[in-house]
Amino acid sequence: MRRRSKDAAIRDTFATRPGGLVSRLARAGLILGTVAALGALGGLDAAGAAGVAGEGPYPWKYPASGKVQPGSGTTVSKTACTSGAPQFASPYAPPCLPQFKGNNGGATSNGVSASTITLAQREFPQTANTAQVAAQAKNAGAALPQVTDQVQQVFLNYFNSVYDLYGRHVEIKKVTAQGDATQESLGQGQAQACADADNIANQVHAFGEVGFAFNDTFVGGGTGPFSQCAAQQKLVEFGANPYFDEATFQSQNPYSWSLTMDCERIGGQTAEAFGKLLAGKPAVYAGDANLKTKTRKFGVYVPNLAPYEHCNAGATSSFGKAMVSKFHVPASQVATNFRYGLDISTFQQSAQQAMIQFKAAGVTTVILACDLYSAGFLTQAAAAQNYHPEWLLNGVALTDLDQSAQTYDPSEINGHLFGLSEAAPSTATSGPASLAGKLYQKLTGHEIPPGTDGNYGGLVMVFDMLQAAGPNLTPANLARGTHGLPTLGGPTFEYGHWNFRDGPTGQPTGDHTAVSDARFVYWDGTMASPLNGKQGTYLPVFNGKRFTLGEWPSALPTLFTGQ
């Protein structure tokens, strides 16, 4: 269903994970399962003949335009292009294409010329709230914005040389927003957001906005209000509507896309995992003795915006309905929720109120469907209330990174924090052993600076989609080609399975968000993190295997052994 602009909102403080902190890349986890057989990539023509109304144009095809045959010839970077080979050495690179020769059509869209694709990077002016966000990010180990800019430029130059953009190259222009980050986080500030979209489309003349959250204020430009305005201006937003439902993306097709998982899929994923592994069983990992013997009663802490509430807040949400109907959990065990505003100045007060409510309601298990800062405030508030429940991740907004959990109250989480993680281990998305770190070392001869991946994941997604459009670069061809891409990310899926074909139900109905899977983890407060050497790290369950809808096992091994 379509959402009104007042219902739109922005990603949690760090929706994508572009850097050490922000590089959760939560699109971490995306699958294109139904077309696995297309690994041979003989042409990747995927007719999904009928499909959903918001997912055209059909048939899906990679690339969407031009007479280009994947898996043949020699790439633009002069490497052999064979069946199944990537465009460059990355599990997230699209199928290779032979170097394009011919007329690319010139100015096929606004922001596109025969030689250039102009993209904007919308950045909010600093306010007291954004300064607090930036301070929290830096305290958690995020690199300075200028450091990320430098790393990003190295990757941008490289991607311009190895992707086939049919004679064009990408230029990213920073644009200072008129809008206010806090207002747009609350689903407000529509007039200013629309003014920015108008400026980017008609004055900057950009084809799209990148939506990177790892910037000067650590808040991405692709807020809910802005994404709606961008679609009205026929401007592509690559970091749109973080964690919104797929229906919102469909209503803005073909302009809105995101690396992070849509909340409809999150609701279904968490319901399946928690319904199979945890529901109906005693809360044995709670810290309070009186809670350990009680059957789990879940309390969800979630932003008070319509898409999030629709997906995850209480028994009437997608999550709650699935728990009740599919896994036979009594509605009373999933009904408790607290809805908070995405205004960092109110986070601490909201957390205090929630912990009083949850304790009084007998909640045994708190689901962290929230930003990483709120998670920290919640653990502090619970400790102040002498309340020690289980803490359950649903995998969003960087709560599942070592750097984040190291800032939580250890008396609350040690032995009690576990759940889903869209992210890979922190060392896989930042640091010298990560994909970004290895590429940066190769290109510069230096170790990548700590606390950033230079927006590696976001840049790769943008370039994948631009190459998928073919020489006739239009928003419609971008959509058609992106839906035609195969599963990306294997075999280790550092940023998760990337899948723009399978919808939130797991069927090949099309999707506008990349990540589609998660793993199960628990917090070990006795071990040092391999990322930064500080106390505490997430450990994988099920040998780190990632699961998507329909794949979650039915039994959970014992957690917190040795603690």
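The values are calculated or read from the model by the stated rules, or taken from the named source; none is laboratory data. Please read all numbers here as calculations on a predicted model, not as lab measurements. Every residue, glycine among them, receives a Cβ derived from its backbone with ideal geometry; neighbour counts consider all protein chains shown.
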Please state which of the following conditions V154 fails to meet, knowing it meets all the rest: (1) of a type in the set (V, I, T); (2) buried (at least 23 other Cβ atoms within 10 Å of the Cβ); (3) modelled with pLDDT of 95 or more. (2)
Identity of the residue in segment 506-563, part of a loop (DSSP other than H, G, I, E, B) and aliphatic (A, V, I, L, M), that ends up surrounded by the fewest Cβ atoms within 10 Å (Cβ to Cβ): A555
Looking at G415, G419 in this structure, which one is touching a Leu at 6+ places or on another chain (Cβ under 8 Å) and either surrounded by fewer than 24 Cβ atoms within 10 Å (Cβ to Cβ) or within 16 Å of Y538 (Cβ to Cβ) (or both)? G419
So, in segment 516-563, of the ones that are among the β-branched types (V, I, T) and touching a strand residue (DSSP E or B) at 6+ places or on another chain (Cβ under 7 Å), which residue ends up farthest from T482 (Cα to Cα)? T537
Return the residues of segment 211-241 that are assigned to a loop (DSSP other than H, G, I, E, B) and at pLDDT 95 or above; say none if nothing qualifies. Q233, K234, L235, F238
Residue under question is T108, and the condition is that it be β-branched (V, I, T), surrounded by fewer than 20 Cβ atoms within 10 Å (Cβ to Cβ) and assigned to a loop (DSSP other than H, G, I, E, B); does it hold? no
Scan segment 290-313 and tell me whether some residue there is crowded, with 19+ Cβ neighbours inside 10 Å and farther than 28 Å from L342 by Cβ. yes
Looking only at residues that are under 24 Å from the mean Cα position of the chain (by Cα) and either of a type in the set (D, E, K, R) or closer than 13 Å to G224 by Cβ (or both) in segment 195-209, which one is surrounded by the fewest Cβ atoms within 10 Å (Cβ to Cβ)? A197
Extreme residue, nearest to the chain's Cα centre (by Cα), among residues of segment 314-332 that are assigned to a helix (DSSP H, G or I) and surrounded by fewer than 19 Cβ atoms within 10 Å (Cβ to Cβ): K321
On the given criteria, is R546 basic (K, R) and within 26 Å of G141 (Cβ to Cβ)? yes
Does at least one position in segment 163-172 carry a residue that is among the hydrophobic types (A, V, I, L, M, F, W, C), in the same structural domain as Q87 (by TED's automatic domain parsing) and assigned to a helix (DSSP H, G or I)? no
Regarding segment 366-376, can at least one residue be identified that is among the charged types (D, E, K, R) and touching a residue at least 24 places away in the same chain (Cβ under 8 Å)? yes
